[in-house]
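The values are calculated or read from the model by the stated rules, or taken from the named source; none is laboratory data. Computed from a predicted structure; not experimentally measured. Glycine also receives a Cβ, built like all others from the backbone with ideal geometry; neighbour counts cover every protein chain displayed. Accessible surface areas use protein heavy atoms only, side chains included; no ligands, DNA or RNA. Shrake-Rupley method; radii C 1.70, N 1.55, O 1.52, S 1.80 Å.
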Amino acid sequence: MRRMDFPFSSRFDELGGGDITLKIREKAAGGGPLLPFYYYDILAGGVPVGKISIRIGDNFHAYYNGHIGYEVDPEFQGHGYARRACELVLDVARFHGMARLYVTCAEDNAPSCRTIEKLGGRLLEVCEAPRDYFAWYEGIPRHRIYQLNL
C-alpha cells in the first residue's frame with residue numbers, strides 16, 4: 001500500500017551547515033518495503049559532490065537498509081562531506097518523531113564505518129542480510145549495523 005498522504009515538510013527542502021548545502025531532489029512516499037524518504041543533492045561551495053537520503057519510519061528492511069543512505073562522488077571523498085550531510089538530515093528525522101536510526105554499511109567499507117562512528121553510531125552487529133530483505137542478492141556483503149540515538 002502506497003502512503004501518498006505522508007506529511008513531508010517543505011521546511012527541509014534546503015539544509016545548510018558550514019561549507020555544505022543539501023537541496024531536495026525528491027520526496028517519495030514509499031510503499032511496500034520502502035519507507036517514505038527525502039532525497040538530497042549534497043553541494044559543497046555550490047558544486048554537486050554527492051547525494052543523501054533520510055528514510056522516515058521503521059520496518060524490518062530498515063534494519064538492514066538503514067535510515068540514512070549516502071554517496072560522495074569519488075573525486076570529493078575524504079573531506080567529511082558524508083558526515084556533515086548526515087548531521088544535517090538528523091533534524092528531519094527528529095521532526096518526524098524518530099528517536100533512533102539504523103545506519104548500515106558493508107562490512108569492509110572502512111570510510112563509511114568511520115563516518116558512522118564519528119556520528120556517534122554504536123555497532124550492534126555484523127551480519128548476513130536475510131533472503132527476505134528486499135535488497136538481498138546472491139553475494140551481498142555482510143552488513144555492519146549501527147544504532148544512532150537522537
Review point. Among the candidates Arg25, Arg83, Arg94, which residue alone is part of a strand (DSSP E or B), without any contact (Cβ under 8 Å) to a residue 60 or more places away in the chain and over 16 Å from Ile145 (Cβ atoms)?
Key: Arg25
Check your understanding: Of (1) within 15 Å of the chain's Cα centre (by Cα); (2) aromatic (Phe, Trp, Tyr); (3) farther than 27 Å from Pro141 by Cα, Phe8 satisfies all except one. Which?
Key -> (1)
Practice item. Mind counting the residues in segment 108-121 that are in a loop (DSSP other than H, G, I, E, B) and either open to solvent by less than 100 Å² (accessible area, probe 1.4 Å) or closer than 9 Å to Ala82 by Cβ (or both)? Key: 3
Practice item. Determine the pairs where a residue that is surrounded by fewer than 14 Cβ atoms within 10 Å (Cβ to Cβ), located within segment 31-52, has a partner that is not in a loop (DSSP other than H, G, I, E, B) with Cβ atoms under 8 Å apart, the partner being 6 or more residues away or on another chain. Key: Gly46/Thr21; Pro48/Asp41; Pro48/Ile42
Check your understanding: Does Tyr81 qualify as being under 22 Å from Ala135 (Cα atoms) and under 14 Å from the mean Cα position of the chain (by Cα)?
Key -> no
Point to revise | Residue satisfying condition, being closer than 29 Å to Arg131 by Cα and either touching a Ser or Thr at 6+ places or on another chain (Cβ under 6 Å) or open to solvent by 50 Å² or more (accessible area, probe 1.4 Å) (or both), within set Gly97, Gly66 | key: Gly66
Check your understanding: For the subset of segment 122-135 comprising residues that are within 18 Å of the chain's Cα centre (by Cα) and within 13 Å of Asn65 (Cβ to Cβ), which member is most open to solvent (accessible area, probe 1.4 Å)?
Key -> Phe134
